[in-house]
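Report on the structure given below.
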Amino acid sequence: MLMDAAAREERFYSDNNQYTSSIGISSSENGHYTLTVSGLGTNNQAFTLTAAPASFTDSTCGSFTLTNTGARGSLDNTLCWAK
């Protein structure tokens with residue numbers, strides 16, 4: 001979901017020279033995660049996508065993030081969000 005959302009953001013940026021908070025995805029296919037877009041910054045030139053657990057608690061990984069620079073994050077990046 002995060003990779004799909006990031007690709008949609010990049011396509012939107014190519015057409016509009018800015019990112020958007022409305023990319024047409026609000027949750028993962030199975031509904032286990034919800035998606036939020038934040039960190040658009042000045043003139044919508046950056047984004048942070050966050051996939052938060054919706055139907056369960058994940059004390060190991062928590063939420064996953066992905067930024068426009070490709071930076072990935074979670075509570076334990078080495079176990080949860082490998083490159």
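Remarks
- More than 14 angstrom apart: percent of Cα pairs within the chain: 61 percent
- Accessible area per residue for the chain is 60 Å², calculated with a 1.4 Å probe on protein heavy atoms, without ligands, DNA or RNA.
- Here the sum of -39500 (n - 2.57) over DSSP H runs of 4 or more residues, divided by the residues of the chain, equals -6500 deg cm²/dmol at 222 nm, to the nearest 500.
- Close amide H contacts of Tyr33 (hydrogens built in the peptide plane, cut-off under 5 Å, sequence separation of 5 or more or a different chain): Ser28, Ala54.
- Structure remark: mean-square fluctuation, Gaussian network model of the chain, C-alpha springs under 10 Å; the largest value among Phe56, Phe12, Phe64 belongs to Phe56.
- Dipole orientation for the chain: of the candidates Tyr13, Ser27, Leu2, Tyr13 has the Cα lying most toward the positive pole (charges on Cβ; Lys, Arg +1; Asp, Glu -1).
- The modelled label-to-label distance for the pair Thr42/Ala7, using points 7 Å beyond Cα in the direction of Cβ, is 3.3 nm.
- Selected from Asn16, Asn44, Asn30 as most flexible by GNM, with the chain as the system and alpha-carbon contacts under 10 Å: Asn30
- The mean sequence distance of close C-alpha pairs (under 8 Å, at least 6 residues apart), as a share of the length of the chain, puts its relative contact order at 21 percent.
- Portion, in percent, of the accessible area of the chain that falls on carbon or sulfur, probe 1.4 Å: 48 percent
The values are calculated or read from the model by the stated rules, or taken from the named source; none is laboratory data. Bear in mind that the values here come from a model prediction, so they are computed numbers and not experimental data. Glycine gets a Cβ as well: all are built from the backbone with ideal geometry, and neighbour counts include every protein chain shown. What goes into the accessible areas is simple: the full protein's heavy atoms, side chains included, and nothing from ligands, DNA or RNA. Shrake-Rupley method; radii C 1.70, N 1.55, O 1.52, S 1.80 Å.
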